[in-house]
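Every read-out reported here was derived from the displayed coordinates using simple, explicitly stated rules and does not represent laboratory data. Small disclaimer: the values here were computed from a predicted structure and weren't measured. Note that we place each Cβ from the backbone using ideal geometry, even for glycine, and neighbour counts take in every protein chain shown.
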Amino acid sequence: MKSYTQYLSDFLIGMKKSGRYSANSVDGYSRDLRRFAAFLDKHNFQEGASKESNRVLLRAYLGNLHEAKVSNRSVARFLSALATFQNYLTEKKAKPEMLFEIPNIKYSRRMAPFLSPDQVKNVLEPAQPVSSGSVKKDKEFRLYRDLTMLEFLYSCGIRRAELAGITIDAIDIDRSVVTVFGKGNKERAVPLGQPAITSYRRYLLFRDKKLRELELENKYLFIGRNGQPLSVRSVNRVVRAYGLKAGLKVTPHMLRHSFATHLLDNGADIRAIQEMLGHEALSTTQEYTHITAGRLKEAYKKAHPRA
């Protein structure tokens, strides 16, 4: 009979191979569940123990998380991962004594901050290339690349990993769309705004020239000075750097939130936004309506005859 940690290793390998989970999800599950498994090992967890002893162990672990000031949201994420793993244990006919009674931990979902249209403009402004003989070629390449990255994040509302994974053949200029692969490797086409298309066309010239100079080929759109594809971490660094130039703390996720919020503010259909964001559940997209509720009330008071 397999041990708890052996089942866990097989479960995580299966998650990775299935293609239904993003790399971030797999990392999160692995981190949360391996920490719990290490805690169980430290406290001599026996796969044949009683339900009562398992209840005590889980409560002790949750108590440790509370003392470490781990947020309710993170605790809920761990319990969700544990529930998924336990479904796997049940499917594999593991001993019932390996299962834990999972409590219901509620948490308040905190919306990530978003930028105003003027703030977005201020973030994009430092990336605008200036045609000048004094500008070095490498810097010009970087400016066009960075501007295109920022335009794509805000114009399409895509995730940072989706941006890093864009390939050259994913761009359809005639239709003004880009094809991205979201969570679970699900494909979707997202509209490209005109500023994003304009910056893309300019960047492409510098990108192709850079690859020719390096005698390299690369299918990915966004590359570094060495011609290699940009990592998710590099995307974070670029966005943060331009945010700081505008006096703001900005993340790729903030640009995604700004994209959705500005569309809602301007009357876009919430189901269309759901499709563009790649949300499976409409309820996930509806979180954005809380942000704009105040503005909707203002508009109602000004426009409705019986407000």
In whole Å, how far is the Cα centre of region 146-173 from that of region 196-229? 13 Å
Starting from the Kirkwood Rh over alpha-carbon pairs, what translational D in µm² s⁻¹ does region 125-258 have by Stokes-Einstein at 10 °C and 1.306 mPa s? 105 µm²/s
Please quote Rg/Rh for region 1-94 to two decimal places, taking the Kirkwood radius as Rh and restricting both calculations to Cα atoms. 0.96
What is the distance, in nm, between label points placed 7 Å from the Cα along the Cα-to-Cβ direction at ASN226 and at GLU140? 2.5 nm
At what distance in angstrom do the alpha carbon centres of region 60-103 and region 238-282 lie from each other? 32 Å
